[in-house]
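As C-alpha cells, the structure follows; a few thoughts come after it.
The values are calculated or read from the model by the stated rules, or taken from the named source; none is laboratory data. Everything quoted here is computed from the prediction, not taken from an experiment. Neighbour counts run over all protein chains shown; Cβ positions are idealised from the backbone, glycine included. When the accessible area is computed, the model is the full protein with side chains, heavy atoms only, and any ligands, DNA or RNA have been set aside. Shrake-Rupley method; radii C 1.70, N 1.55, O 1.52, S 1.80 Å.
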Amino acid sequence: MFDRSSTFGETLDSPAGRAVLETYLPGVAASPMAVQFRTARLGQLSAIVPTLRDDPEMAERFWAALAEVGDGVDARPPYAPAVEADPAYQSDDVERGSETVILPGSTPRWGVVEVSFDGPSHGNPYVDVELSARFRKGDRELVVGGFYDGDGAYRVRLLAEEEGEWAFETTSTARSLDGITGVVQVGAPAAGAHGPVGVDGFHFTHADGTRHRPLGTTAYAWTHQPAELQEQTLRTLAAAPFTKMRMCLFPKSYLYNANEPERFPFVGSLADGFDLERFDPEYWANLEQRIDELGALGIEADLILFHAYDRWGFADLGPAVDERYLRYAVRRLAAFANVWWSMANEYDLLWAKVTDDWERLAAVVGEEDPHGHLNSIHNCHGFYDYSKPWITHVSVQRVDVYRTSENTDEWRERWGKPVVIDECAYEGDIDQGWGNITGEEMTRRFWEGAIRGGYVGHGETYLNDAEQLWWSKGGVLEGSSPERIAFLERISAESPTGVLDPLPSDWDVPWGGVAGEYVIGYFGFNRPRFRNVVLPEGRFAVDVLDTWNCTVETLPDVHEGTVRVDLPGRQFMAVRLRRV
C-alpha cells in the first residue's frame, strides 16, 4: 500500500499509484517540476496541494484510494520503541547518595544555576538513568529534570528566578545519585540582565518589567556551520538592531543548504547512521555557548524544535524518540533566560505528525520546563489553533505574495494574543518569490505590522558564490533594511508605553500608538504631498517621519484641532503626533 510515508517518486513509478495521483493531483503528477518532488513524502506534498489541503473529504478519498494499491513499497523501518530508565542500573550494595556533587558559586539572578555530579558511566546513562532535583525557596518549589552530559557527568540546571538560598534534593533511578542534598545561592542580577520574556497583553516584557520588543531575524542553521562562520554571525548581530533570532536545533537540508554539519544532536553521521539513544555532548555544548552569547547581546534565542527540511531522518523519528529528544533538549536549555520555544517551523509540512502529535509534544515541553518559557508553533499554509492554552503568542508567516502585515490587527482580535509575523518574506535576490523582496518592501512590512500592534521578523537571502545566505547560515548582512528597522525600534521605544497599539484608522492610512498621547499614521507605498490631520483633543507636536531615510522633522509651533502637514511626495512617510 501507499500512505503518507511513501515518496512521490515511488508512487509515480507504480502504474496503479500513478493512476491515483493523476486522478487526484493531475497538475502535480503531470508537471515538468515533478522531478523536484520525487523524494518528498506524500504527506508533505499533500500539505501544499490546495485540493487536498482545503478539502478534507477529497483528502480522505485520496488516501483511501492509495491504501488500496497493492504494489506499494513501505521501506520505512518501524519506529524505535520507548526506553525506560533501568531501576536496577546499580546494585543494592551501592550507597544511596554517595556521588560527589559540584556546587556553583553564587549565581546572579536570571543566570543558570548548574549543579553537577560525578556519576556512573556503565551501560547507557542517556536512557538508563533518570535524574531530577527538587529546588525549594520558602513556599516556592521547582522540579528540574537532569541530564547526562557524557564521561560520567550529570547535571541539573535551574533558571535563577529569585535571589536568596535555594535548597535541593535529588531523585534518581541510580542509587548513588538519589537523595543528594545541597544549597545554592542566587545573588543580584548582572548588569543588563532583565530575566526571561513573558506576555503582557498583546506585547512582551522581561521578568523585571523591562519592555521587550521582538525585532526578529532568521538564521535557521547558523549553529551548524563552521566555528569561524558562527563567530562572524555573532559579530554581525552585535552591530544589528535585532532582539530575537530564529534558529533550528536540527540541521536543515534545502536550497543553498547542502553542506554537512560537523556534529548533530544525536551521536552519528549521515554516512554511518545515528544512535538515537545517545546524544552528542559537544553538539549541545556549542549550542549552549551560542545561546549564552546571544543573551549577552540582548537577543532571545527562538529555538525551533522540529522542521521538515531534512535528509537525516530527524523529521520522522517516531513518538518515543521525539519525546526523548524533547526532554533532553528542554532539560539542557530551559535554564537559559533568553530561550523561547517554537514547536516547529512550518508544522503542516511535517508529514508524519498530526495535531494530536503536536499537542502531545507541546505537553512534554510544558512538563519539562518549570520556568514557563514562551512557546508557539509556526505555519506554512494552514494556521494552527493559536487559542490553545499552551501557545503564548501567534507565530505566523506570510499568507499572500503581498499582503501579510496588514492582517496583524485582525489576528490580534482573532486569538487575543501577541502577533509575531516571524516570516513576512526575505530581503534578497534569489529566484524564489519568498526570498527576493527589496529592502524598501521589507521595511514597509515592518511598519505596517508595528502600526497595527504586532511584530514582524526579518530575513535575508542575497545569493553569493559561497551560497552563504544569512537566512540559513548567518555570516554577514548585505541588505538595506536593518538600519531602517533600527529606526522603527527607536520610534516604538519613544512611545509612553514602549509599544504601539492599533487605533481607529482612515480607509487609506493605518493609525497606531497610544490613544490621545502618541499617534502615528503610516502612508506606506502612498506618496501624498500633504495631509490634513484631525488631532485628538489637546495640544500636540507634529513630526514628519521619513521611515526610509530615518529622519524626523518637527513642524514649528504646537497644534490643536486640525493641522495641514506638508509632505515630500515620497513613499514610506509617516506623521507622528506627540501630546505636549
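Residue-wise test of (1) under 27 Å from Arg211 (Cα atoms); (2) of a type in the set (Val, Ile, Thr).
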position: Val499; (1), (2): yes, yes
position: Phe525; (1), (2): no, no
position: Arg531; (1), (2): no, no
position: Val534; (1), (2): no, yes
position: Leu545; (1), (2): yes, no
position: Arg570; (1), (2): no, no
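Output the number of residues of region 267-280 satisfying the condition of being crowded, with 19+ Cβ neighbours inside 10 Å and in contact (Cβ under 8 Å) with a residue 24 or more places away in the chain.
So the count comes out to 3.
On the given criteria, is Phe250 aromatic (Phe, Trp, Tyr), within 25 Å of Leu349 (Cα to Cα) and not in a strand (DSSP E or B)?
Judged against the criteria, Phe250 is a match.
Restricting to region 226-265, and then to whatever is under 20 Å from Ile304 (Cα atoms) and of a type in the set (Val, Ile, Thr), can you tell me which residue is surrounded by the most Cβ atoms within 10 Å (Cβ to Cβ)?
Thr233
Take Val197 and decide whether it is closer than 30 Å to Ser106 by Cα and of a type in the set (A, V, I, L, M).
The answer is yes for Val197.
For region 345-372, enumerate the residues that are among the small types (Gly, Ala, Ser) and either within 22 Å of Val399 (Cα to Cα) or assigned to a helix (DSSP H, G or I) (or both).
Ala362, Ala363, Gly366
Mind listing whichever residues of region 136-167 are of a type in the set (A, V, I, L, M, F, W, C) and open to solvent by 40 Å² or more (accessible area, probe 1.4 Å)?
Within region 136-167, Val143, Ala167 qualify.
Picking from Pro556, Pro510, which residue would you name as being more than 21 Å from Ser492 (Cα to Cα) and either without any contact (Cβ under 8 Å) to a residue 24 or more places away in the chain or crowded, with 19+ Cβ neighbours inside 10 Å (or both)?
Testing whether each residue is more than 21 Å from Ser492 (Cα to Cα) and either without any contact (Cβ under 8 Å) to a residue 24 or more places away in the chain or crowded, with 19+ Cβ neighbours inside 10 Å (or both) leaves just Pro556.
Anything in region 399-434 that is modelled with pLDDT of 95 or more and either in a helix (DSSP H, G or I) or among the basic types (Lys, Arg) (or both)? List them, or say none.
Ser405, Glu406, Asn407, Thr408, Asp409, Glu410, Trp411, Arg412, Glu413, Arg414, Trp415, Lys417
So if I check each of Ala67, Ala133, which one is among the aliphatic types (A, V, I, L, M), surrounded by 12 or more Cβ atoms within 10 Å (Cβ to Cβ) and in contact with a Phe, Trp or Tyr (Cβ under 6 Å, 6 or more places away or on another chain)?
So the residue among Ala67, Ala133 that is among the aliphatic types (A, V, I, L, M), surrounded by 12 or more Cβ atoms within 10 Å (Cβ to Cβ) and in contact with a Phe, Trp or Tyr (Cβ under 6 Å, 6 or more places away or on another chain) is Ala133.
Counting only residues that are open to solvent by less than 60 Å² (accessible area, probe 1.4 Å), of a type in the set (Ser, Thr, Tyr) and over 17 Å from Leu326 (Cα atoms), how many does region 366-391 have?
Number satisfying all stated conditions: 2.
Give the residue that is surrounded by the most Cβ atoms within 10 Å (Cβ to Cβ), with candidates limited to residues of region 392-414 that are touching a residue at least 40 places away in the same chain (Cβ under 8 Å) and closer than 14 Å to His381 by Cα.
Ser395
I want to confirm something. Restricting to region 281-317 and keeping residues that are farther than 26 Å from Glu231 by Cβ and in a helix (DSSP H, G or I), which single residue is most open to solvent (accessible area, probe 1.4 Å)?
Result: Asp316.
Suppose we filter region 333-354 for residues that are under 14 Å from the mean Cα position of the chain (by Cα) and closer than 18 Å to Asp54 by Cα; how many remain?
Of the residues in that region, 2 qualify.
Take the residues in region 168-183 that are buried (at least 21 other Cβ atoms within 10 Å of the Cβ) and among the β-branched types (Val, Ile, Thr), then tell me which one is nearest to Ala335 (Cα to Cα).
Among residues in region 168-183 that are buried (at least 21 other Cβ atoms within 10 Å of the Cβ) and among the β-branched types (Val, Ile, Thr), the one nearest to Ala335 (Cα to Cα) is Thr170.
Residue pairs, Cβ under 7 Å, 6 or more apart or interchain, first in region 362-386 and without any contact (Cβ under 8 Å) to a residue 40 or more places away in the chain and over 14 Å from Asn345 (Cβ atoms), second basic (Lys, Arg) and buried (at least 16 other Cβ atoms within 10 Å of the Cβ). List them.
Close Cβ pairs satisfying both conditions: Tyr386/Lys417.
Among Gly459, Gly474, Gly479, which is open to solvent by less than 10 Å² (accessible area, probe 1.4 Å) and in contact with a Gly (Cβ under 9 Å, 6 or more places away or on another chain)?
Being open to solvent by less than 10 Å² (accessible area, probe 1.4 Å) and in contact with a Gly (Cβ under 9 Å, 6 or more places away or on another chain) holds for just one of Gly459, Gly474, Gly479, which is Gly459.
Any residue at all in region 535-551 that is free of Cβ contacts under 8 Å to residues at least 12 places away in the same chain, surrounded by fewer than 13 Cβ atoms within 10 Å (Cβ to Cβ) and more than 14 Å from Ile491 (Cα to Cα)?
Looking for residues that are free of Cβ contacts under 8 Å to residues at least 12 places away in the same chain, surrounded by fewer than 13 Cβ atoms within 10 Å (Cβ to Cβ) and more than 14 Å from Ile491 (Cα to Cα), one finds none in region 535-551, hence no.
Inspect all residues belonging to region 86-100 and state whether any of them is closer than 23 Å to Gly318 by Cβ and basic (Lys, Arg).
Among the residues of region 86-100, not one is closer than 23 Å to Gly318 by Cβ and basic (Lys, Arg), which makes the answer no.
Of the conditions (1) in contact (Cβ under 8 Å) with a residue 12 or more places away in the chain; (2) open to solvent by 10 Å² or more (accessible area, probe 1.4 Å), Pro504 fails just one. Which one is it?
For Pro504, the failing item is (1).
Any residue in region 181-198 that is under 21 Å from Trp340 (Cα atoms) sitting within a Cβ distance under 6 Å of a residue that is of a type in the set (Val, Ile, Thr)? List the pairs, counting only those 6 or more apart or interchain.
His194/Thr210
Got a sec? Which of Arg484, Arg529, Arg490 is in contact (Cβ under 8 Å) with a residue 24 or more places away in the chain and surrounded by fewer than 14 Cβ atoms within 10 Å (Cβ to Cβ)?
The unique qualifying residue is Arg529.
Gly439 - would you say it is without any contact (Cβ under 8 Å) to a residue 60 or more places away in the chain, open to solvent by less than 30 Å² (accessible area, probe 1.4 Å) and within 24 Å of Gly521 (Cβ to Cβ)?
The answer is yes for Gly439.
I'd like the residue in region 318-340 that is open to solvent by 10 Å² or more (accessible area, probe 1.4 Å) and outside any helix (DSSP H, G or I) and, out of all such residues, is farthest from Pro108 (Cα to Cα).
Asn338
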